[in-house]
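The values are calculated or read from the model by the stated rules, or taken from the named source; none is laboratory data. Given the structure is predicted, the values throughout are model-derived calculations rather than measurements. A quick note on method: Cβ atoms are made from the backbone with ideal geometry, for glycine too, and the neighbour counts reach across all protein chains shown.
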Number of protein chains: 2
Amino acid sequence: MHGYELRKELTAKLGAIRAAISYGSLYPTLRRLQAAGWITEAAETPATAEEVPALTSRRGRVVYKITAEGKERFAQLIAQAGPETYDDTGFGVHFAFFARTDQATRLRILEGRRRTIEERREGLRDVLGRAAERLDAYTLELQRHGLDACEREVRWLEELIANERSGRAPTVPQPGTAGGRRDNNSPPPPGESRKERP
Amino acid sequence: MHGYELRKELTAKLGAIRAAISYGSLYPTLRRLQAAGWITEAAETPATAEEVPALTSRRGRVVYKITAEGKERFAQLIAQAGPETYDDTGFGVHFAFFARTDQATRLRILEGRRRTIEERREGLRDVLGRAAERLDAYTLELQRHGLDACEREVRWLEELIANERSGRAPTVPQPGTAGGRRDNNSPPPPGESRKERP
DNA sequence: CGTGCGATGTATCGGTCCGATACATCGCGG
DNA sequence: CCGCGATGTATCGGACCGATACATCGCACG
(Lines give C-alpha, C1' and ligand atoms only; values in the text may rest on other atoms or scores of the structure.)
Protein backbone atom coordinates (compact mmCIF):
# COMPACT_ATOMS: atom_id res chain seq x y z
CA MET A 1 0.00 0.00 0.00
CA HIS A 2 0.91 3.65 -0.25
CA GLY A 3 0.67 6.04 2.68
CA TYR A 4 -2.74 7.54 2.05
CA GLU A 5 -4.31 4.13 1.48
CA LEU A 6 -2.70 2.77 4.64
CA ARG A 7 -4.12 5.66 6.61
CA LYS A 8 -7.59 4.98 5.33
CA GLU A 9 -7.36 1.29 6.20
CA LEU A 10 -6.11 2.04 9.68
CA THR A 11 -8.81 4.64 10.18
CA ALA A 12 -11.49 2.13 9.25
CA LYS A 13 -9.96 -0.47 11.55
CA LEU A 14 -9.19 1.80 14.50
CA GLY A 15 -11.77 4.54 14.05
CA ALA A 16 -13.69 3.27 17.06
CA ILE A 17 -10.81 3.77 19.43
CA ARG A 18 -8.70 6.68 18.26
CA ALA A 19 -8.53 9.50 15.72
CA ALA A 20 -6.90 9.09 12.33
CA ILE A 21 -3.12 8.92 12.25
CA SER A 22 -1.68 12.30 11.29
CA TYR A 23 0.56 12.77 8.27
CA GLY A 24 3.20 14.22 10.50
CA SER A 25 3.32 10.82 12.12
CA LEU A 26 2.63 8.58 9.15
CA TYR A 27 5.31 9.53 6.66
CA PRO A 28 8.27 9.75 9.07
CA THR A 29 7.18 6.37 10.45
CA LEU A 30 7.16 4.81 7.00
CA ARG A 31 10.69 6.06 6.47
CA ARG A 32 11.77 4.68 9.82
CA LEU A 33 10.25 1.31 9.00
CA GLN A 34 12.03 1.30 5.66
CA ALA A 35 15.36 2.26 7.25
CA ALA A 36 14.93 -0.63 9.68
CA GLY A 37 14.32 -3.01 6.79
CA TRP A 38 10.79 -3.94 7.82
CA ILE A 39 9.17 -2.57 4.67
CA THR A 40 10.52 -2.00 1.15
CA GLU A 41 9.63 0.38 -1.62
CA ALA A 42 7.82 -1.48 -4.40
CA ALA A 43 7.54 0.07 -7.87
CA GLU A 44 4.25 1.81 -8.59
CA THR A 45 2.99 -1.15 -10.68
CA PRO A 46 2.29 0.46 -14.08
CA ALA A 47 -0.01 -2.51 -14.65
CA THR A 48 1.01 -3.56 -18.20
CA ALA A 49 1.79 0.08 -19.01
CA GLU A 50 -1.27 0.66 -21.17
CA GLU A 51 -3.89 -0.10 -18.58
CA VAL A 52 -4.97 3.05 -16.74
CA PRO A 53 -2.47 5.32 -18.48
CA ALA A 54 -3.59 8.35 -16.55
CA LEU A 55 -2.19 6.85 -13.38
CA THR A 56 1.15 6.02 -14.96
CA SER A 57 2.00 9.67 -15.35
CA ARG A 58 1.19 10.17 -11.69
CA ARG A 59 4.26 11.22 -9.76
CA GLY A 60 4.91 10.58 -6.12
CA ARG A 61 2.79 7.77 -4.72
CA VAL A 62 5.26 5.38 -3.19
CA VAL A 63 3.97 1.86 -2.70
CA TYR A 64 5.40 -0.08 0.25
CA LYS A 65 5.46 -3.78 0.94
CA ILE A 66 6.22 -5.62 4.16
CA THR A 67 9.38 -7.76 4.28
CA ALA A 68 9.93 -11.13 5.94
CA GLU A 69 11.73 -9.45 8.85
CA GLY A 70 8.89 -6.98 9.06
CA LYS A 71 6.37 -9.75 9.45
CA GLU A 72 8.46 -11.36 12.12
CA ARG A 73 8.78 -8.06 13.98
CA PHE A 74 5.06 -7.43 13.70
CA ALA A 75 4.27 -10.85 15.14
CA GLN A 76 6.62 -10.09 18.05
CA LEU A 77 4.98 -6.73 18.66
CA ILE A 78 1.43 -7.95 18.94
CA ALA A 79 2.41 -11.05 20.92
CA GLN A 80 4.43 -9.24 23.57
CA ALA A 81 2.49 -7.29 26.15
CA GLY A 82 3.68 -4.58 28.51
CA PRO A 83 1.71 -2.18 30.70
CA GLU A 84 1.02 0.10 27.74
CA THR A 85 -0.73 -2.84 26.08
CA TYR A 86 -3.57 -2.46 28.55
CA ASP A 87 -4.32 1.24 28.34
CA ASP A 88 -7.17 2.39 26.11
CA THR A 89 -5.29 2.97 22.87
CA GLY A 90 -2.76 0.18 23.30
CA PHE A 91 -5.43 -2.39 23.96
CA GLY A 92 -7.51 -1.22 21.01
CA VAL A 93 -4.58 -1.59 18.64
CA HIS A 94 -3.81 -5.06 19.90
CA PHE A 95 -7.44 -6.10 19.73
CA ALA A 96 -7.82 -4.86 16.16
CA PHE A 97 -5.09 -7.31 15.14
CA PHE A 98 -6.26 -10.22 17.25
CA ALA A 99 -6.94 -12.29 14.14
CA ARG A 100 -3.18 -12.29 13.53
CA THR A 101 -2.23 -13.93 16.84
CA ASP A 102 -2.76 -17.15 18.68
CA GLN A 103 -5.39 -17.82 21.30
CA ALA A 104 -2.94 -17.79 24.23
CA THR A 105 -1.85 -14.27 23.39
CA ARG A 106 -5.43 -13.14 23.01
CA LEU A 107 -6.38 -14.52 26.40
CA ARG A 108 -3.35 -12.96 28.06
CA ILE A 109 -4.15 -9.53 26.67
CA LEU A 110 -7.86 -9.74 27.44
CA GLU A 111 -7.14 -10.66 31.04
CA GLY A 112 -4.55 -7.93 31.42
CA ARG A 113 -7.03 -5.41 30.10
CA ARG A 114 -9.67 -6.67 32.48
CA ARG A 115 -7.33 -6.22 35.43
CA THR A 116 -6.53 -2.68 34.31
CA ILE A 117 -10.18 -1.72 33.99
CA GLU A 118 -11.02 -3.33 37.30
CA GLU A 119 -8.37 -1.21 38.97
CA ARG A 120 -9.73 1.91 37.33
CA ARG A 121 -13.21 0.91 38.45
CA GLU A 122 -12.09 0.53 42.06
CA GLY A 123 -10.44 3.93 41.94
CA LEU A 124 -13.67 5.52 40.76
CA ARG A 125 -15.68 3.71 43.41
CA ASP A 126 -13.29 5.07 46.00
CA VAL A 127 -13.78 8.62 44.77
CA LEU A 128 -17.55 8.24 44.67
CA GLY A 129 -17.61 6.66 48.09
CA ARG A 130 -15.13 8.68 50.08
CA ALA A 131 -14.50 12.10 48.56
CA ALA A 132 -18.01 12.52 47.19
CA GLU A 133 -18.94 15.47 49.36
CA ARG A 134 -15.87 17.44 48.23
CA LEU A 135 -16.93 17.39 44.58
CA ASP A 136 -19.71 19.21 42.76
CA ALA A 137 -22.63 17.44 41.11
CA TYR A 138 -21.18 17.59 37.59
CA THR A 139 -17.87 16.12 38.60
CA LEU A 140 -19.68 13.36 40.43
CA GLU A 141 -21.81 12.66 37.38
CA LEU A 142 -18.63 12.39 35.32
CA GLN A 143 -17.26 9.80 37.73
CA ARG A 144 -20.52 7.89 37.67
CA HIS A 145 -20.49 7.81 33.91
CA GLY A 146 -16.89 6.63 33.90
CA LEU A 147 -17.70 3.96 36.46
CA ASP A 148 -20.58 2.75 34.35
CA ALA A 149 -18.31 2.51 31.31
CA CYS A 150 -15.83 0.47 33.35
CA GLU A 151 -18.50 -1.95 34.50
CA ARG A 152 -19.78 -2.45 30.99
CA GLU A 153 -16.30 -3.02 29.62
CA VAL A 154 -15.54 -5.62 32.27
CA ARG A 155 -18.70 -7.48 31.29
CA TRP A 156 -17.75 -7.22 27.63
CA LEU A 157 -14.27 -8.55 28.34
CA GLU A 158 -15.67 -11.41 30.33
CA GLU A 159 -17.87 -12.48 27.45
CA LEU A 160 -14.89 -12.33 25.13
CA ILE A 161 -12.75 -14.33 27.53
CA ALA A 162 -15.45 -16.97 27.87
CA ASN A 163 -15.81 -17.17 24.09
CA GLU A 164 -12.06 -17.44 23.73
CA ARG A 165 -11.85 -20.25 26.28
CA SER A 166 -14.59 -22.19 24.56
CA GLY A 167 -12.88 -21.73 21.20
CA ARG A 168 -15.79 -19.91 19.62
CA ALA A 169 -15.55 -16.85 17.43
CA PRO A 170 -16.24 -13.54 19.19
CA THR A 171 -19.78 -13.22 17.95
CA VAL A 172 -21.31 -12.02 21.25
CA PRO A 173 -24.96 -12.18 20.16
CA GLN A 174 -25.84 -9.44 22.66
CA PRO A 175 -28.42 -11.36 24.76
CA GLY A 176 -31.27 -9.01 25.45
CA THR A 177 -30.32 -5.88 23.55
CA ALA A 178 -32.33 -4.20 20.82
CA GLY A 179 -31.12 -6.53 18.10
CA GLY A 180 -32.18 -5.88 14.55
CA ARG A 181 -29.31 -6.40 12.19
CA ARG A 182 -29.03 -10.07 11.49
CA ASP A 183 -27.38 -9.98 8.05
CA ASN A 184 -24.04 -10.19 9.78
CA ASN A 185 -22.87 -13.69 8.92
CA SER A 186 -19.93 -14.56 11.15
CA PRO A 187 -16.57 -14.42 9.33
CA PRO A 188 -14.19 -17.40 9.45
CA PRO A 189 -13.61 -18.22 13.13
CA PRO A 190 -10.26 -16.61 13.85
CA GLY A 191 -8.62 -19.49 15.64
CA GLU A 192 -4.90 -19.93 15.00
CA SER A 193 -4.75 -18.10 11.68
CA ARG A 194 -1.35 -19.41 10.78
CA LYS A 195 -1.21 -19.25 7.01
CA GLU A 196 -1.38 -15.89 5.36
CA ARG A 197 0.09 -15.58 1.92
CA PRO A 198 1.63 -12.22 0.90
CA MET B 1 -1.83 25.38 45.46
CA HIS B 2 1.59 24.04 44.58
CA GLY B 3 2.24 21.88 41.54
CA TYR B 4 2.04 18.46 43.10
CA GLU B 5 -1.18 19.29 44.92
CA LEU B 6 -2.71 20.70 41.76
CA ARG B 7 -1.87 17.53 39.93
CA LYS B 8 -3.57 15.44 42.58
CA GLU B 9 -6.71 17.58 42.46
CA LEU B 10 -6.87 17.43 38.70
CA THR B 11 -6.31 13.70 38.73
CA ALA B 12 -9.21 13.23 41.12
CA LYS B 13 -11.42 15.45 38.99
CA LEU B 14 -10.39 14.17 35.57
CA GLY B 15 -9.30 10.63 36.41
CA ALA B 16 -12.36 9.23 34.68
CA ILE B 17 -11.50 10.75 31.33
CA ARG B 18 -7.73 10.96 31.00
CA ALA B 19 -4.47 9.98 32.63
CA ALA B 20 -2.68 12.18 35.14
CA ILE B 21 -0.99 15.28 33.81
CA SER B 22 2.73 14.67 33.40
CA TYR B 23 5.33 16.77 35.15
CA GLY B 24 6.88 17.59 31.82
CA SER B 25 3.62 19.34 31.06
CA LEU B 26 2.67 20.66 34.46
CA TYR B 27 5.68 22.74 35.46
CA PRO B 28 6.31 24.47 32.12
CA THR B 29 2.60 25.28 32.00
CA LEU B 30 2.68 26.85 35.45
CA ARG B 31 5.55 29.04 34.32
CA ARG B 32 3.69 30.02 31.18
CA LEU B 33 0.62 30.94 33.20
CA GLN B 34 2.74 33.02 35.52
CA ALA B 35 4.46 34.78 32.60
CA ALA B 36 1.04 35.61 31.17
CA GLY B 37 -0.02 37.09 34.50
CA TRP B 38 -2.82 34.62 35.14
CA ILE B 39 -1.28 33.19 38.30
CA THR B 40 1.15 34.65 40.82
CA GLU B 41 3.68 33.12 43.14
CA ALA B 42 2.43 33.31 46.73
CA ALA B 43 4.86 32.89 49.63
CA GLU B 44 4.95 29.44 51.20
CA THR B 45 2.85 30.59 54.22
CA PRO B 46 5.15 29.80 57.19
CA ALA B 47 1.95 29.80 59.25
CA THR B 48 3.02 31.87 62.29
CA ALA B 49 6.54 30.49 61.92
CA GLU B 50 6.33 28.16 64.93
CA GLU B 51 3.46 26.02 63.70
CA VAL B 52 4.70 22.99 61.79
CA PRO B 53 8.33 24.07 61.91
CA ALA B 54 9.48 21.07 59.91
CA LEU B 55 7.72 22.37 56.84
CA THR B 56 9.20 25.85 57.22
CA SER B 57 12.67 24.56 56.43
CA ARG B 58 11.30 22.89 53.35
CA ARG B 59 12.85 24.37 50.22
CA GLY B 60 11.22 24.50 46.84
CA ARG B 61 7.47 24.12 46.99
CA VAL B 62 6.16 27.13 45.17
CA VAL B 63 2.56 28.02 45.95
CA TYR B 64 0.58 29.65 43.19
CA LYS B 65 -2.58 31.72 43.32
CA ILE B 66 -4.91 32.73 40.53
CA THR B 67 -5.14 36.44 39.67
CA ALA B 68 -8.17 38.47 38.66
CA GLU B 69 -7.13 38.34 35.00
CA GLY B 70 -6.61 34.62 35.40
CA LYS B 71 -10.16 34.13 36.59
CA GLU B 72 -11.45 36.19 33.71
CA ARG B 73 -9.40 34.18 31.24
CA PHE B 74 -10.57 30.92 32.76
CA ALA B 75 -14.20 31.97 32.47
CA GLN B 76 -13.61 32.81 28.81
CA LEU B 77 -11.95 29.47 28.18
CA ILE B 78 -14.72 27.29 29.52
CA ALA B 79 -17.45 29.46 28.02
CA GLN B 80 -16.07 29.48 24.47
CA ALA B 81 -16.43 26.28 22.49
CA GLY B 82 -14.62 25.19 19.34
CA PRO B 83 -14.52 21.79 17.62
CA GLU B 84 -11.89 20.55 20.09
CA THR B 85 -14.43 21.20 22.86
CA TYR B 86 -16.43 18.22 21.66
CA ASP B 87 -13.80 15.53 21.35
CA ASP B 88 -13.40 13.07 24.22
CA THR B 89 -10.81 14.87 26.30
CA GLY B 90 -11.94 18.40 25.54
CA PHE B 91 -15.52 17.65 26.48
CA GLY B 92 -14.46 15.92 29.68
CA VAL B 93 -12.45 18.92 30.78
CA HIS B 94 -15.31 21.30 30.06
CA PHE B 95 -17.79 19.06 31.80
CA ALA B 96 -15.65 18.77 34.91
CA PHE B 97 -15.88 22.55 35.29
CA PHE B 98 -19.55 22.88 34.44
CA ALA B 99 -20.33 24.17 37.92
CA ARG B 100 -18.28 27.27 37.04
CA THR B 101 -20.38 28.30 34.04
CA ASP B 102 -23.89 29.37 33.23
CA GLN B 103 -26.66 27.14 32.00
CA ALA B 104 -26.60 28.47 28.43
CA THR B 105 -22.97 27.45 28.04
CA ARG B 106 -23.65 24.06 29.53
CA LEU B 107 -26.49 23.42 27.11
CA ARG B 108 -24.44 24.58 24.14
CA ILE B 109 -21.59 22.25 25.02
CA LEU B 110 -23.82 19.27 25.77
CA GLU B 111 -25.57 19.65 22.44
CA GLY B 112 -22.31 20.03 20.54
CA ARG B 113 -21.02 16.90 22.17
CA ARG B 114 -24.19 15.03 21.30
CA ARG B 115 -23.85 16.04 17.65
CA THR B 116 -20.23 14.86 17.63
CA ILE B 117 -21.10 11.49 19.11
CA GLU B 118 -24.03 11.07 16.76
CA GLU B 119 -21.72 11.61 13.81
CA ARG B 120 -19.29 9.06 15.18
CA ARG B 121 -22.15 6.65 15.70
CA GLU B 122 -23.30 7.05 12.09
CA GLY B 123 -19.78 6.40 10.87
CA LEU B 124 -19.63 3.17 12.85
CA ARG B 125 -23.04 2.09 11.59
CA ASP B 126 -21.80 2.65 8.05
CA VAL B 127 -18.75 0.49 8.63
CA LEU B 128 -20.82 -2.26 10.24
CA GLY B 129 -23.38 -2.10 7.48
CA ARG B 130 -21.34 -1.74 4.33
CA ALA B 131 -17.74 -2.88 4.77
CA ALA B 132 -18.60 -5.60 7.27
CA GLU B 133 -17.53 -8.51 5.07
CA ARG B 134 -14.08 -7.02 4.49
CA LEU B 135 -13.24 -7.06 8.22
CA ASP B 136 -12.43 -9.93 10.56
CA ALA B 137 -14.60 -10.89 13.50
CA TYR B 138 -12.46 -9.10 16.10
CA THR B 139 -12.40 -5.84 14.21
CA LEU B 140 -16.16 -6.05 13.83
CA GLU B 141 -16.56 -6.71 17.53
CA LEU B 142 -14.47 -3.60 18.23
CA GLN B 143 -16.78 -1.52 16.07
CA ARG B 144 -19.84 -3.00 17.75
CA HIS B 145 -18.44 -2.14 21.15
CA GLY B 146 -17.67 1.39 20.02
CA LEU B 147 -21.13 1.75 18.57
CA ASP B 148 -22.66 0.60 21.81
CA ALA B 149 -20.63 3.16 23.74
CA CYS B 150 -21.83 5.89 21.38
CA GLU B 151 -25.46 4.93 21.85
CA ARG B 152 -25.13 4.92 25.61
CA GLU B 153 -23.39 8.28 25.63
CA VAL B 154 -26.10 9.84 23.50
CA ARG B 155 -28.70 8.62 25.95
CA TRP B 156 -26.63 9.97 28.84
CA LEU B 157 -26.30 13.34 27.15
CA GLU B 158 -30.00 13.49 26.48
CA GLU B 159 -30.79 12.94 30.14
CA LEU B 160 -28.36 15.68 31.07
CA ILE B 161 -29.83 18.04 28.49
CA ALA B 162 -33.35 17.39 29.76
CA ASN B 163 -32.23 17.96 33.33
CA GLU B 164 -30.51 21.16 32.30
CA ARG B 165 -33.58 22.44 30.50
CA SER B 166 -35.79 21.74 33.48
CA GLY B 167 -33.33 23.48 35.77
CA ARG B 168 -32.68 20.44 37.92
CA ALA B 169 -29.32 19.30 39.18
CA PRO B 170 -27.70 16.49 37.16
CA THR B 171 -28.69 13.74 39.54
CA VAL B 172 -29.68 11.15 36.89
CA PRO B 173 -31.19 8.57 39.27
CA GLN B 174 -30.38 5.75 36.81
CA PRO B 175 -33.95 4.45 36.22
CA GLY B 176 -33.79 0.68 36.10
CA THR B 177 -30.14 -0.08 36.73
CA ALA B 178 -28.71 -2.15 39.57
CA GLY B 179 -28.90 0.66 42.10
CA GLY B 180 -27.64 0.11 45.58
CA ARG B 181 -25.73 3.13 46.71
CA ARG B 182 -28.21 5.60 48.08
CA ASP B 183 -25.96 7.43 50.54
CA ASN B 184 -25.17 9.91 47.78
CA ASN B 185 -27.07 12.98 48.88
CA SER B 186 -27.22 15.43 45.99
CA PRO B 187 -24.77 18.33 46.38
CA PRO B 188 -25.96 21.94 46.13
CA PRO B 189 -27.68 22.38 42.76
CA PRO B 190 -24.99 24.00 40.61
CA GLY B 191 -27.05 26.73 39.06
CA GLU B 192 -25.26 30.00 38.38
CA SER B 193 -22.53 29.68 40.95
CA ARG B 194 -21.50 33.28 40.79
CA LYS B 195 -19.82 34.04 44.09
CA GLU B 196 -16.64 32.23 44.96
CA ARG B 197 -14.33 33.87 47.44
CA PRO B 198 -10.56 33.42 46.98
C1' DC C 1 -16.53 23.93 -22.55
C1' DG C 2 -14.20 25.54 -18.72
C1' DT C 3 -13.93 26.13 -14.16
C1' DG C 4 -14.00 25.24 -9.62
C1' DC C 5 -14.16 22.03 -5.87
C1' DG C 6 -13.56 17.79 -3.30
C1' DA C 7 -10.86 13.59 -3.12
C1' DT C 8 -6.31 11.79 -3.66
C1' DG C 9 -1.52 12.05 -2.59
C1' DT C 10 3.27 13.31 -0.49
C1' DA C 11 5.72 16.19 2.54
C1' DT C 12 7.43 19.48 6.30
C1' DC C 13 7.43 22.38 10.46
C1' DG C 14 6.45 24.24 14.98
C1' DG C 15 4.69 23.29 19.17
C1' DT C 16 2.92 20.54 22.81
C1' DC C 17 2.80 16.70 25.66
C1' DC C 18 4.53 12.41 27.51
C1' DG C 19 7.72 9.20 29.82
C1' DA C 20 11.79 8.67 32.10
C1' DT C 21 14.81 10.39 35.05
C1' DA C 22 17.29 13.05 38.65
C1' DC C 23 17.44 14.84 43.08
C1' DA C 24 15.98 16.09 47.85
C1' DT C 25 13.18 15.80 52.16
C1' DC C 26 9.69 13.83 55.30
C1' DG C 27 7.36 10.28 58.03
C1' DC C 28 6.86 5.77 59.22
C1' DG C 29 7.75 0.96 60.37
C1' DG C 30 10.92 -2.84 61.06
C1' DC D 1 18.97 3.65 62.51
C1' DC D 2 18.02 2.44 58.13
C1' DG D 3 15.29 1.93 54.20
C1' DC D 4 11.32 2.88 51.64
C1' DG D 5 7.28 5.13 49.97
C1' DA D 6 5.04 9.62 49.67
C1' DT D 7 5.92 14.36 48.74
C1' DG D 8 7.94 17.80 45.85
C1' DT D 9 10.40 20.45 41.89
C1' DA D 10 12.72 20.12 37.64
C1' DT D 11 14.68 18.86 32.90
C1' DC D 12 15.38 16.38 28.51
C1' DG D 13 14.66 13.67 24.38
C1' DG D 14 11.41 11.91 21.56
C1' DA D 15 6.88 11.10 19.68
C1' DC D 16 2.83 12.87 17.93
C1' DC D 17 -0.50 16.30 16.40
C1' DG D 18 -2.39 20.21 13.74
C1' DA D 19 -1.73 23.22 10.18
C1' DT D 20 -0.05 23.97 6.02
C1' DA D 21 1.87 23.67 1.29
C1' DC D 22 1.64 21.85 -3.13
C1' DA D 23 0.11 19.01 -7.10
C1' DT D 24 -3.12 16.08 -9.84
C1' DC D 25 -7.50 13.76 -10.92
C1' DG D 26 -12.46 13.31 -11.74
C1' DC D 27 -16.83 15.14 -11.64
C1' DA D 28 -20.66 18.36 -11.46
C1' DC D 29 -22.60 22.55 -12.67
C1' DG D 30 -23.24 26.68 -15.10
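Filter the range A:168-183 down to the residues that are at pLDDT below 50 and surrounded by 15 or more Cβ atoms within 10 Å (Cβ to Cβ) and list them by number.
Result: A:V172, single match.
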All positions within the range A:1-39 that are part of a loop (DSSP other than H, G, I, E, B) and within 13 Å of DNA strand C (Cβ to nearest atom): A:M1, A:A20, A:I21, A:S22
Odd one out for B:R115, checked against (1) within 12 Å of chain A (Cβ to nearest Cβ); (2) within 16 Å of B:E158 (Cβ to Cβ); (3) free of Cβ contacts under 8 Å to residues at least 40 places away in the same chain: (1)
Selection within the range A:118-148 - facing chain B (nearest Cβ under 7 Å) and within 24 Å of A:A81 (Cα to Cα): A:G123
Condition met for A:A81 (surrounded by 15 or more Cβ atoms within 10 Å (Cβ to Cβ) and more than 8 Å from every other protein chain (Cβ to nearest Cβ)): yes
Yes/no for B:Y27 being modelled with pLDDT of 90 or more, in contact with a strand residue (DSSP E or B) (Cβ under 6 Å, 6 or more places away or on another chain), within 12 Å of DNA strand D (Cβ to nearest atom) and away from chain A (no Cβ under 14 Å): no
Long-range neighbours under 7 Å by Cβ, at least six apart or interchain, first residue assigned to a loop (DSSP other than H, G, I, E, B) within the range A:56-67, second at pLDDT below 65: A:R61/A:E44
Residue within the range A:157-167 that is crowded, with 16+ Cβ neighbours inside 10 Å, within 7 Å of chain B (Cβ to nearest Cβ) and without any contact (Cβ under 8 Å) to a residue 40 or more places away in the chain present: no
In the range B:91-108, residue farthest from the other protein chains (Cβ to nearest Cβ) [restricted to those that are among the β-branched types (V, I, T) and over 12 Å from the mean Cα position of the chain (by Cα)]: B:T105
Residues located in the range A:101-111, provided they are in a helix (DSSP H, G or I) and surrounded by fewer than 18 Cβ atoms within 10 Å (Cβ to Cβ): A:Q103, A:A104, A:T105, A:L107, A:R108, A:E111
Lone qualifier among A:E50, A:E84 - being at pLDDT below 90, assigned to a helix (DSSP H, G or I) and farther than 16 Å from A:E164 by Cβ: A:E84
Residues that are part of a loop (DSSP other than H, G, I, E, B) and either without any contact (Cβ under 8 Å) to a residue 24 or more places away in the chain or within 16 Å of DNA strand C (Cβ to nearest atom) (or both), drawn from the range B:68-81: B:Q80
